[in-house]
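Rule-based calculations on the coordinates, nothing more; no lab input. For clarity, every value in this text was computed on a predicted model and none was experimentally measured. Here the Cβ positions follow ideal geometry from the backbone for every residue, glycine too, while neighbour counts run over all protein chains shown.
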Amino acid sequence: MTDIRDDVREGFAALYGYEPSGIWSAPGRVNLIGEHTDYNEGFVLPLAINRRTVLALGLREDRIARVASAFADEVVEIDLAELSPERLSGWAAYPLGVAWALGERGADLAAVPGFDIFIESDVPVGAGLSSSAAIESAVAIALNDVWQLGLDRSTLALVGQLAENKVVGAPTGIMDQSASLLGRKDSAVFLDCRTLDAQIIDLGFEAAGLVLLIIDTGVSHSHATGGYAERRASCELGARELGVSALRDVSVDDLPRAREVLDDVTFRRVRHVVTENQRVLDTVRTLREQGAGAIGDLLDASHVSMRDDFEISVAELDLAVETAQSNGALGARMTGGGFGGAAIALIRAEDLSRLQVAIDGAFAEHGYGRPDTFVVTAAQGASREP
Ligand code: GLA
């Protein structure tokens with residue numbers, strides 16, 4: 001952490017030739033449970049992780065915005081007056097998309113000063129750990145500070161989502177930015193995606209001797225194309241046919257009727273969302289009443305639902321989950337939007353290395369590329385760095 005902070009400060013000064021006014025950072029996230037429930041106005045339970053995007057920002061006297069990063073060669077430059085979704089593309093769509101989205105949410109882009117930003121990150125890209133939400137959230141809190149906008153964190157999460165939806169072009173929900181902005185150490189964020197009411201839930205992994213392992217399959221995915229939008233459309237169709245504004249309003253008890261009304265595919269998409277919402281509520285209750293050691297079955301059931309009903313898993317994710325389950329994990333599931341990315345396994349610390357070896361072996365045996373496995377802990381959300 002300290003290292004990235006120093007790197008970013010030095011990278012900024014070397015590139016722009018002056019000292020930044022400050023350093024801000026925001027974490028990636030992993031979702032413990034509650035998948036594809038956010039845009040159905042349901043419940044999610046993600047945590048911010050100990051991998052962060054860090055940026056240095058300096059205000060300018062003119063109205064130019066420049067962004068650069070350690071992971072791209074170019075410096076992208078635009079006049080604030082010209083910011084629009086059509087003008088932004090590539091990686092710069094994330095940071096500059098946030099500047100545009102702040103304008104949509106109340107910032108007077110004709111009155112604020114320009115800025116220079118330099119970004120570095122240790123959130124792995126393409127692993128389903130929301131490296132993009134980490135950039136959006138870091139930029140959102142930084143500009144909120146230096147432009148003195150006074151927006152609260154829920155609004156900043158909506159700003160990040162707007163950038164993602166309208167500038168990047170991915171029809172994603174509110175979970176990732178909320179986790180990155182609201183996360184707390186050793187805790188998960190229990191978010192009601194309809195009201196945006198957020199409660200901090202103690203995870204107690206360490207006290208229970210448990211760790212959360214990420215198994216990044218290396219299978220890449222994009223939510224700007226294909227399956228993600230299709231699933232979202234199926235959910236909206238299901239809600240319309242059931243006469244509700246969002247699937248949040250359908251309960252497990254309503255499923256027999258839904259089966260009569262809906263075609264088989266739509267019914268299974270709906271059943272995933274409805275049962276997943278219930279699993280989030282059950283996980284929160286179990287964490288509170290019995291502790292983390294008791295949530296494994298809920299994680300396993302979530303994976304089955306995504307594999308069979310929502311059909312967003314891939315063979316590598318299924319293999320990661322099955323290998324984890326048969327090598328000591330209390331529970332395991334794919335996490336994030338699906339079609340690639342990572343799985344999580346909740347496991348006793350002493351069983352961790354055995355599982356990592358088993359996963360490497362299973363992937364090699366199937367002829368799959370070597371997965372990246374690493375432990376994450378729940379970390380503090382976006383913040384200004386000292
Ligand atoms: C992606 C999206 C989120 C959420 C998840 C699935 O991460 O960005 O909004 O929909 O997929 O739970």
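Divide the volume of the convex hull around the Cα atoms of the stretch 17-130 by the residue count and you get 136 Å³ per residue. For the pair Ala72 and Asp197, a Förster radius of 45 Å applied to the C-beta separation gives a FRET efficiency near 0.75, rounded to the nearest 0.05. For Ser130, nonlocal amide neighbours, meaning residues 5 or more places apart or on other chains whose placed amide H falls under 5 Å from its own, are Arg29. Within the chain, the whole DSSP H helices whose Cα atoms reach 18 Å or more along their own axis and whose mean Kyte-Doolittle score is at least 0.0 are 131-146, 352-365.
Taking θ as phi - 60° and the Karplus parameters 6.51, -1.76 and 1.60, the scalar couplings of the stretch 70-75 work out to 5, 9, 9, 7, 7, 9 Hz in sequence order, x denoting glycine and proline.
Around the Cα centre of the stretch 96-250, unit charges on the Cβ atoms of Lys, Arg, Asp and Glu (plus for the first two, minus for the last two) sum to a dipole of about 340 debye.
Give, as ranges by residue number, the residues of the stretch 279-295 whose backbone N falls under 17 Å from the point 7 Å along Cα→Cβ of Val375. Hits in the stretch 279-295 for Val375 at 17 Å: 292-293. Ordered by the count of other Cβ atoms within 10 Å of each Cβ, fewest first, Lys166, Lys185 give Lys185, Lys166.
Working from label points 7 Å from Cα in the Cα-to-Cβ sense, the Glu236 to Ala110 distance is 3.3 nm. A simple charge model with +1 on the Cβ of Lys and Arg, -1 on the Cβ of Asp and Glu and nothing else charged puts the dipole of the stretch 285-330 at about 300 debye relative to its Cα centre. Residues Thr373, Thr37, Thr286 in ascending order of nearby Cβ atoms (within 10 Å, fewest first): Thr286, Thr373, Thr37. Using C-alpha pairs under 8 Å with a sequence gap of at least 6, the mean separation divided by the residue count of the chain gives a relative contact order of 23 percent. Where in the stretch 308-322 is the amide nitrogen less than 18 Å from a point lying 7 Å along the Cα-to-Cβ axis of Glu365? Of the residues in the stretch 308-322, 315-322 have backbone N under 18 Å from the label point off Glu365. Projected label points at Glu61 and Asp264, each 7 Å from Cα along the beta carbon direction, are separated by 7.1 nanometres. Diffusion of the stretch 224-292 by Stokes-Einstein, at 4 °C in a medium of 1.567 mPa s and with Rh set to the Kirkwood radius over alpha-carbon pairs, works out to 100 µm²/s. Counting only DSSP beta bridges with both residues in the chain, the antiparallel share comes to about 90 percent. Proximity of backbone amide H atoms, modeled 1.01 Å from N, is registered between Gly337 and no other residue at under 5 Å, excluding neighbours fewer than 5 places apart on the same chain. Placing +1 on the Cβ of every Lys and Arg and -1 on the Cβ of every Asp and Glu, with no other charges, gives the chain a dipole of roughly 500 debye about its Cα centre. Applied to the stretch 251-262, the Karplus parametrisation 6.51 cos²θ - 1.76 cosθ + 1.60 on θ = phi - 60° returns per-residue 3J(HN,Hα) values of 10, 4, 5, 7, 5, x, 5, 4, 4, 6, 8, 9 Hz, with x for Gly and Pro. Neighbour counts of C-beta atoms inside 10 Å place Leu181, Leu247 in the sequence Leu247, Leu181, starting with the fewest.
Dipole orientation for the chain: of the candidates Asn50, Gly218, Val8, Asn50 has the Cα lying most toward the positive pole (charges on Cβ; Lys, Arg +1; Asp, Glu -1). For the stretch 245-250, 3J(HN,Hα) computed residue by residue from phi via the Karplus equation (6.51, -1.76, 1.60; θ = phi - 60°) reads 7, 7, 5, 3, 8, 9 Hz, glycine and proline entered as x. Taken over the alpha carbons of the chain as equal point scatterers, the Debye sum produces base-10 log I(q)/I(0) values at 0.11 Å⁻¹ of -0.76. Treating only the Cα positions of the stretch 62-194 as identical point scatterers, give the base-10 log of I(q)/I(0) from the Debye formula at each q in 0.12, 0.21, 0.22 Å⁻¹. The calculated log intensity ratios at q = 0.12, 0.21, 0.22 Å⁻¹ are -0.43, -1.33, -1.46. Note on the stretch 109-138 and the stretch 352-386: Cα centroid distance 23 Å, given to the nearest whole angstrom.
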